[in-house]
Every structure is written in structure tokens, then in C-alpha cells.
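Q: The structure under discussion is supplied below as C-alpha cells; questions concerning it will follow.
Bear in mind that the values in this text are calculations on the coordinates, not laboratory data. Note that this is a predicted model, so its numbers are computed, not measured. Note that each Cβ is placed from the backbone with ideal geometry, even for glycine, and that neighbours are counted across all protein chains shown.
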Amino acid sequence: MTDAVVVAEGLHKSYGDTPVLRGVGLTLHRGEVLALLGPNGAGKTTTVKILSTLLPLDGGSATVAGYDVVRDAAQVRRHISLTGQQVALDLKATGLENLTMIAKLSRVPRRQVKARVAELLDGVGLADVAGRRVATYSGGMRRRLDLAAGLIARPRVLFLDEPTTGLDPRSRRDLWELVRDVVAGGTSLFLTTQYLEEADELADRIALIDHGVVAAQGTADELKRRVGQARVELDLADAADALRIRTAFPDIADTASDTSAASPTVALATDGSLAHVRELIAGVESTGVVPASWRLREPTLDDVFLTLTGHAAHAPDAPEPGTTITQEKAA
Ligand SMILES: Nc1ncnc2c1ncn2[C@@H]1O[C@H](COP(=O)(O)OP(=O)(O)OP(=O)(O)O)[C@@H](O)[C@H]1O
Ligand SMILES: [Mg+2]
């Protein structure tokens, strides 16, 4: 593909004897958002560090904006920005001072610094608080400032490593809005996240990473199709009922869910037709099992992750408040 701005093939990386990336391959097309989605420790940050030339690779190859990350590292760095889990803003300085400093360090022509900084502060909704010290900013405000910092040099590819981890739902939504604006402005975005919802919401394409391997790649719809059509989900009284349902529908009952739970849920895959749903419901009735409740549900990315990797993607719904971007995340 000629419009690819990031291409990684067979990336390998080990720390000591521990392999962390075991053949990561992925593609980001121009103007798109790619979400690298995976649980803690899957290898997201490591992948981003390799692609942004911060970390050498042990095997495989990658190009970013058309440049090889090893041979043309300096060129790669000219065309990208990275805002990540460990970014150092000067907390004692104001938002305005921080951006001005970064603009002066980057290739923004002197005479344009002031206007560019003002434009960005406005764009990320921080114009009103630009004169306040960053130490007084909320987590969401810091992330937005961080995003503005990443945009100063007008990168072709912007890497955002878990941009909303630690934010409350409201701030997260605000940041999503902002990210959409950035992409509408023509920047290609490489995003990592552990939130399925975030990938679903923002990404044109998603690469699922687990234990250093990209298990699947595609649009959210393509990935969901891999786990089939709508499912009939049954909330059951106990493990015995769950076993009866699984025995009655050996080919279409999901076996991944935990039936030892107090009130287990078992899902039956349908072919998406009304006739099949009707047939399944009749089939459930004829087993004598009476579900406490039931519903018809479209597959989610969670189902995809579970199906392709054998475990859930662990998306913590209640992120730790007060995480700051200057704080290094515990590995
Ligand atoms: N400098 C290092 N030395 C040794 N092991 C490391 C180092 N950095 C990362 N690792 C390990 O490599 C694996 C992948 O780490 P990575 O930071 O890429 O994961 P991640 O997907 O970004 O996770 P998270 O969602 O927690 O940020 C983890 O098992 C981690 O402990
Ligand atoms: Mg990480």
C-alpha cells in the first residue's frame, strides 16, 4: 500500500531473556487512526518506542512516514510526535510557558511561535487557563496540554500512548473530541489503549496485541464479524443449567465464560437471522431450563478479544484518579 505511513513487519524485542515482542506486524494508513489495543504488559509501549526510534529493535523492520526507523531514524523523528505515558511538562511553569518553550525547541519559525502557541491553546480549550501553573491543572487539562505539545511541530504521524488512562469518563470524552479534530486536520494517528470502548470509538482500524503478538487487525466491524453475528445471552440459575444449555447446543454455546459463577451467563451464537433466533429460543425452552433473564446482543470487541486470545482485555473502568503525565507508570 502506497498510502501507508507506518508499516511494521515482524518486530521482535526482548528484555534480557524475556521476549516482549514476538513478531509484531501492523499498518497505519494516511489520515487514519490505528488503535493498538491490548492489556497491561502486552507490548504496546515497547512497539511505540521502537516505531518512534526511542528503542532499538532486535528483529524485523519498520518504516514511519516512509523512512526506516533504524537507517533513517533522524528523518523519522522529524515527522513524528510522541506523547506518552511518561511526558515531562514543567509543572512550575504555566501552560503558555510550556508550549512556548517546546515551540522554540522545535522547528517553529521564531516569528510564528506566539501565534502557533495561541492557536493550539485555543484548539485544546486551555486558552482561559494558559497563564496558570501546570501544577494546578487537572489530569484532563494536562493531557490536553500534552496533546497540544505533540502537535506543535505539525507531525505527519502522532503517537499517543494510552492518552486517556487515568482520566474520568468526562475528560476522556473531551479528549476523544480533540483527537477527532486533530485527525480531521490531516494527522495520522497511532494510538495505544487498553480500553475497548476507546478503540471502538476512535479507531478506523484496530490491531489487537497480546503477549507481544498482533492477534488480529481490521476495522471494529471486521473484527466483530470474526466472532459471528448476534448472540442470545442467557442468565442462568446455576452451573447445572449452564451445563444443560452447553450440552444442548455444543457447537454454538460459548465455552469461554465462567459457569462456576453464582448466576452464570451462557451465550449462543446465531447466524443473525430471525428464524435462527426463534429456533434457538424454542430449543432453550425444550431443555426445561428457565433463564432468569436473556437478551439478544451484538458481538463486542470484548467478545473478539476473548475469542482470539482466550482471555478478556481487562479494561479497568475505574482508573486511578490523579495520575499525572509526569509520573512514570509502574511497569
Ligand atoms: N525496560 C524494561 N526492562 C525489562 N522489561 C520491560 C522493560 N520495559 C517493559 N518491559 C516488559 O515488557 C512487557 C511489555 O511492556 P510494555 O510497556 O510494552 O507493555 P504495555 O502494553 O505498554 O503495557 P501497559 O498497558 O501497562 O502500559 C512487560 O512485560 C514489561 O514488564
Ligand atoms: Mg504502556
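Q: Size of the dipole of the chain about the Cα centre, Lys and Arg at +1 and Asp and Glu at -1 on the beta carbon, nothing else charged, in debye to 20? Write out the running numbers ahead of the final one.
A: Working: 37 positive and 43 negative charges, 383 e Å.
So the magnitude is around 1840 debye.
Q: Count the lysine pairs in the chain whose Cα atoms lie under 19 Å apart, taking only pairs 8 or more positions apart in sequence or on different chains.
A: Working: Lys13/Lys44; Lys13/Lys49; Lys44/Lys329; Lys49/Lys329; Lys92/Lys104; Lys104/Lys114.
Lysine pairs, 8 or more places apart or on different chains, close enough: 6.
Q: Kirkwood Rh and Cα-based Rg: tell me the resulting Rg over Rh for the stretch 70-206, rounded to two decimals. Before the final figure, lay out each step's value.
A: On the way: Rg = 14.6 Å, Rh = 15.3 Å.
That ratio is 0.95, to two decimals.
Q: Would you mind calculating the gained length between Leu274 and Asp68 on full extension (0.36 nm times residue separation, minus the Cα-Cα distance), in nm to one decimal?
A: Values: separation 206, 0.36 × 206 = 74.16 nm, distance 5.14 nm.
Result for the pair: 69.0 nm of gain on full extension.
Q: Within the stretch 233-251, name every residue whose backbone N is under 11 Å away from a label modeled 7 Å from Cα of Ala292 along the Cβ vector.
A: From the stretch 233-251, the list is 235-239.
Q: If you count the DSSP beta bridges with both ends in the chain, what percent of them are antiparallel, to the nearest 5?
A: Numbers: 33 of 51 bridges.
Percent antiparallel among DSSP bridges in the chain is about 65.
Q: Next question. Just tell me the longest site-free run in the chain, where the sites are trypsin sites (Lys or Arg not before Pro) in a DSSP loop having at most 12 other beta-carbon atoms within 10 Å.
A: Working: sites that count: Arg71, Lys92, Arg107.
Counting at most 12 other Cβ atoms within 10 Å as exposed, the longest clean stretch of the chain is 108-331.
Q: Right, next: When the helix-only estimate is applied to the chain (DSSP H runs of n ≥ 4, each -39,500 (n - 2.57), divided by the residue count), what is the mean residue ellipticity at 222 nm, nearest 500 deg cm²/dmol? Working shown, then result.
A: Working: 11 runs with 113 residues, N = 331.
The helix-only estimate for the chain comes to -10000 deg cm²/dmol at 222 nm.
Q: Related question: Using alpha carbon coordinates only, what is the Rg to Rh ratio of the chain, with Rh defined as the Kirkwood radius? Display every interim value, and only then the final one.
A: On the way: Rg = 23.0 Å, Rh = 21.8 Å.
Result for the chain is an Rg/Rh of 1.05.
Q: To the nearest 20 debye, what is the magnitude of the charge dipole of the stretch 1-96 about its Cα centre, counting +1 on the Cβ of each Lys and Arg and -1 on the Cβ of each Asp and Glu? Walk me through the intermediate numbers first.
A: Working: 9 positive and 8 negative charges, 43 e Å.
So the magnitude is around 200 debye.
Q: Another question, then. With contacts defined as alpha carbon pairs under 8 Å and 6 or more residues apart, what's the relative contact order of the stretch 229-298 in percent?
A: On the way: 118 pairs, mean separation 34.2, N = 70.
RCO, the stretch 229-298: 49 percent.
Q: Run the paramagnetic zone check for Ala127: 7 angstrom along Cα to Cβ, then residues of the stretch 140-166 with backbone nitrogen under 15 Å.
A: Answer for the stretch 140-166: none.
Q: Let me ask you something else. GNM, the chain, Cα, under 10 Å: largest mean-square fluctuation among Glu198, Glu279, Glu162?
A: Highest fluctuation of the listed residues: Glu279.
Q: I want the antiparallel fraction of DSSP beta bridges within the stretch 155-252, as a percent rounded to 5.
A: Details: 5 of 10 bridges.
If I count the DSSP bridges inside the stretch 155-252, around 50 percent turn out antiparallel.
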